[in-house]
Amino acid sequence: MNYQPKFDRRSFIVASAAAVSGLSVGFHIPFGDEADAALSEPEVNAWVVVKPDETVVIRVARSEMGQGTLTGLCQMVAEELDCQWSKVTYEFPTPGENVARKRVWGDFFTAGSQGIRSSNQLVRKGGAAARMMLVQAAANQWKVPVSECVASAGTITHQPSNRTITYGKVASAAAEVEPPTDIPLKDPKDWTIIGKGLKRLDTPDKTQGKTIYGIDIRLPGMLYASFKACPVNGGKIKSFNAAKITGRKGVTKVVQVEDYGVAVIADSWWRAKTALDAMPIAWDNGPGAKDSDESIAAWLKQGLDSDDGLVGNKGGDVKAGLASAAKTVEAVYAYPYQAHATMEPQNATARYTPDRCEVWCSTQNGEAALATASEACGLPVPKCEVYKTFLGGGFGRRATSQDFVRVAVLIAKQMPGTPIKTLWTREEDMTHDWYHPVTQCKITAGLDKDNNLVAIHYRISGQSILAGVMPARLQNGKDPATFSGFYPGGEEAAYPYTVPNILVDHSMRNPHLHPGFWRGVNINHNAIYIESFMDELAKEVGMDALEFRRKLMTKHPLHLASLNAVAEKGDWGKPLPAGSGRGLAVAMAFGSYVAACAEVTVDGNKVKINRIVAATNPGYGVNPAQIERQVAGSFVYGLTALFMGGIDVKGGRVEQENFNTYQMMKIRHMPKVEVTVMPSGGFWGGVGEPTICVAAPAVLNAITAATGKRYRTFPLRKQGLTLV
Amino acid sequence: MLHLTINGTSHDVDAEPDTPLLWVIRDTIGMTGTKYGCGIQQCGACTVHIDGVATRSCGMPVSLAVGKQITTIEGLAQNGTLNAVQQAWIDHDVPQCGYCQSGMIMAVTALLKKKPKATDADIDRELTNICRCGTYQQIRAAIHSITAKA
Ligand code: FES
Ligand code: FES
């Protein structure tokens, strides 16, 4: 614990909503010196402030984008703090404060379903240390040994004398206590707040339009910018004719953004946008302009048999295993680009002066936003600050590239002193995304004469996310994350089956579109390849899909437990009318074991999903009610992509621009989802993403069970199938 | 100057008559509960009530809203008491990111005013707002909790 009792509170508090009354106490946006007066109560430590009225303010470093991490992290701190949950409220420390305090809050990065799991030790210790200091302060006041005092629900009791005092009364004194170095944590069996399906802390504001997202920031004197980048990624601006729009009402300035973009600044966003639309711009589309779906697919197809495979999982001798097999089975699958389409389009508000740059934005990665601001404006990090708001969805779009921050800062820098909100249109957002990567997969399997799976080769061909967003994380040119779901073991995404001869390799082919982390990431397509093909093999040997899997899963008991749970609850094996079918899928993803059993009815080209039974074992489940919601929502994300999604490329441009051509599941498409949360304890798995990867294969297997037809390329709209 | 009545309060605004009502509400007047999601009347994030009828404000020129009663998410609660839909949303902990929820709540409020006993078929047909977080299951449960009492 890096303890600093009297740190500079300047610009510190971004949000504060009181759960105490269930009503918001308002949203504080720090702006210049006004921020100095944000909060006067001294903190107990970096994580915890207890106010004299017993309100407990818990500071949360991770971003809240809907996944519920805010509430979950508060539960973890509150558990060890032993405070009353009804008194808990929250605030977001800024990335700049984190840097100034030697990263006391750890990592701000909120992605990879890491929000809870990778910070569980840090935040629980933060809460426990604060409790120990509060108890010590009470003992000091009473002049009794600390060992005679206990804390519970925000009250400290001196057991021999039965004297009591509340946290709020000793909070100031606690701040002066030497922070402990040895911080024991509770045994999970003693938890009373962790593991409870408590209500989210942010719900009341979200039902009243009070929650502030990046797009909602309003600052005195603020202007608005509308921005366009070259429609082909990698292309440049040739020319633009600002004279055509000067004199339009409200238009202040036309500015170029590096060599690829241009923006109009005006006194309202609508005036900025319509002026930008009216301005003639000539683009040099660059080399990406020759790419199309067809050219990308052809290039990836070559990678299915090329000799440039980077090996991700290798056991036994797959060549020999296939050669000696009684029968071989082969299939080729392909998964398209997908856009994130966060409900809140990309935006950021920036104010630049020659000695300070401030940014207000929805980001999954506060520290990356800070670094991006600094790099873009040329001021050192200590002269920059980022204020995080709530996010209108993240899904990975706001996790790595902070391009929306860079663009906003570069625009604001051209009008020093004026805060400028740069908002991308939906069209700009959708055509300048960091897309779910495009891949194909050729699978070759060998069965012996007794129909045992003895060899399997998965050759993935396609785009690497890490090569596009974090090239430093490549290992000898290989993207290890590409193999998510295929790993031979480990704690993240292990392959569910034991096959004596296995090879998984990747021919890396990176087209010109930016790849990015897209909720669920690489295992989304990998699980389709693995789980669809498992059903193909079962069918080939005439076995029940569940039995065929079980035979291969004896060494994967946790995978199997989740699969068994959905098979049982999903009525696997029970008869269904003609035209209906069930499908299974199982995976380990982001450290959790997930499975789904889908039931569909197919009528001509219309697919109706009647029911989905899902199971998830995240090890420790911090908030089962929120886990259920994440799981249900994951089916919407995964199945929207399967049926309606798919980004098309023509002349280097992304063809889908808005929700009319990139359609979304609506409430009428929503199947009934029954969720079993089955935490086994013993590990910390993620929740926000894992289920997405079983959504598509479970439904695909159900469609095949209903129709006998196997679909191997997506989205299904291109196969003539419609979700109804 | 155009004269608008929003949540019972008068506003004189300086905007071109063809400016979508959404941007006048958000930027000119400064009420940010109403959201921008698509600008082409596809997502419903911008839903407000015009004389009680759910309307996608991104597609409505501000000039057409003159003389009408405009209600936004900020105007649903009366004297600090949330309306039934807002309360059901809290009881069912519906929102995830929350960005679509202003529009959802406005759309559902208008639907239930029209059809207090809205069935699943009514919901499926009339509630066409997009929620990218996929809160549909909770939305349906929350609506059922209201229609059950109607
Ligand atoms: S913003 Fe109006 S419908 Fe999407
Ligand atoms: S709650 Fe996030 S879009 Fe609906």
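Among all helices in chain A defined by DSSP H, which have a length of 20 Å or more along the axis from Cα atoms plus a Kyte-Doolittle mean of at least 1.0?
Values: long enough: A:120-142 (33 Å, -0.07); A:523-540 (24 Å, -0.26); A:624-643 (28 Å, 0.57); A:692-707 (23 Å, 1.75).
The qualifying helices are A:692-707.
Put a plus charge on the Cβ of each Lys and Arg, a minus charge on the Cβ of each Asp and Glu, and nothing anywhere else: the dipole of the protein assembly as shown about its Cα centre is then about 980 debye. Each peptide among B:28-37, A:673-682 gets the average number of other Cβ atoms lying within 10 Å of its residues, and from highest to lowest they stand as B:28-37, A:673-682. Computed about the Cα centre, the dipole magnitude for segment B:84-147 is approximately 200 debye when only Lys and Arg (+1) and Asp and Glu (-1) carry charge, each at its Cβ.
If you count the DSSP beta bridges with both ends in chain A, what percent of them are antiparallel, to the nearest 5? The partial results should precede the final answer.
Values: 91 of 124 bridges.
Rounded to the nearest five, the antiparallel share is 75 percent.
Taken about its Cα centre, segment A:363-404 carries a charge dipole of about 120 debye when Lys and Arg each add +1 at the Cβ and Asp and Glu each add -1 at the Cβ.
No solvent, one uniform scatterer per C-alpha: report log10 I(q)/I(0) for segment B:12-120 via the Debye equation at q = 0.10, 0.16, 0.20 1/Å, two decimals. Calculated log10 I(q)/I(0) at the listed q: -0.28, -0.71, -1.07.
When ranked by the protection proxy of mean other Cβ atoms within 10 Å per residue, highest first, what sequence do the peptides A:399-412, B:83-96 form? Can you show the working numbers first?
On the way: A:399-412: 26.3, B:83-96: 22.9.
For the peptides A:399-412, B:83-96, the packing ranking is A:399-412, B:83-96.
Normalising the average separation of contacting C-alpha pairs (under 8 angstrom, six or more residues apart) by the number of residues puts the relative contact order of segment B:84-147 at 55 percent.
Using C-alpha pairs under 8 Å with a sequence gap of at least 6, the mean separation divided by the residue count of segment B:2-75 gives a relative contact order of 39 percent.
Along its three principal directions, the equivalent ellipsoid of segment B:2-75 from the Cα gyration tensor extends over semi-axes of 16, 13, 11 Å, largest first.
Sorting the segments A:476-488, A:383-395 by their mean number of nearby beta carbons within 10 angstrom, highest to lowest, gives A:383-395, A:476-488.
Remark: C-alpha extents of chain A on the principal axes read 80, 78, 48 Å, sorted largest to smallest. Per residue of peptide A:190-199, the mean number of Cβ atoms on other chains within 10 Å of the residue Cβ is 1. For segment B:27-33, 3J(HN,Hα) computed residue by residue from phi via the Karplus equation (6.51, -1.76, 1.60; θ = phi - 60°) reads 8, 6, 8, x, 9, 9, x Hz, glycine and proline entered as x.
Counting alpha carbon pairs within less than 8 Å and at least 6 residues apart, what relative contact order, in whole percent, applies to chain A? Please report the intermediate quantities before stating the final value.
On the way: 1722 pairs, mean separation 96.6, N = 724.
About 13 percent, as a whole number.
Determine by what factor the alpha-carbon radius of gyration of segment B:84-147 differs from 2.2 N^0.38 Å, reporting the quotient. Mind showing how you got there, number by number?
Details: Rg = 10.4 Å, N = 64, 2.2 N^0.38 = 10.7 Å.
Ratio of Rg to 2.2 N^0.38 Å for segment B:84-147: 0.97.
What is the sum of charges, Lys and Arg at +1 and Asp and Glu at -1, for the other residues whose Cβ falls under 14 Å from the Cβ of A:T601? It would help to have the intermediate numbers written out before the result.
Values: positive: A:R582, A:K606, A:K608, A:R611, A:K672; negative: A:E599, A:D603.
Summing Lys/Arg as +1 and Asp/Glu as -1 gives +3.
Just so you know, all these numbers are worked out from the coordinates, no wet-lab data involved. Remember, it's a predicted structure, so these values are computed and weren't measured experimentally. Heads up, the Cβs are rebuilt from the backbone with ideal geometry, glycines too, and the neighbour counts pull from every protein chain shown.
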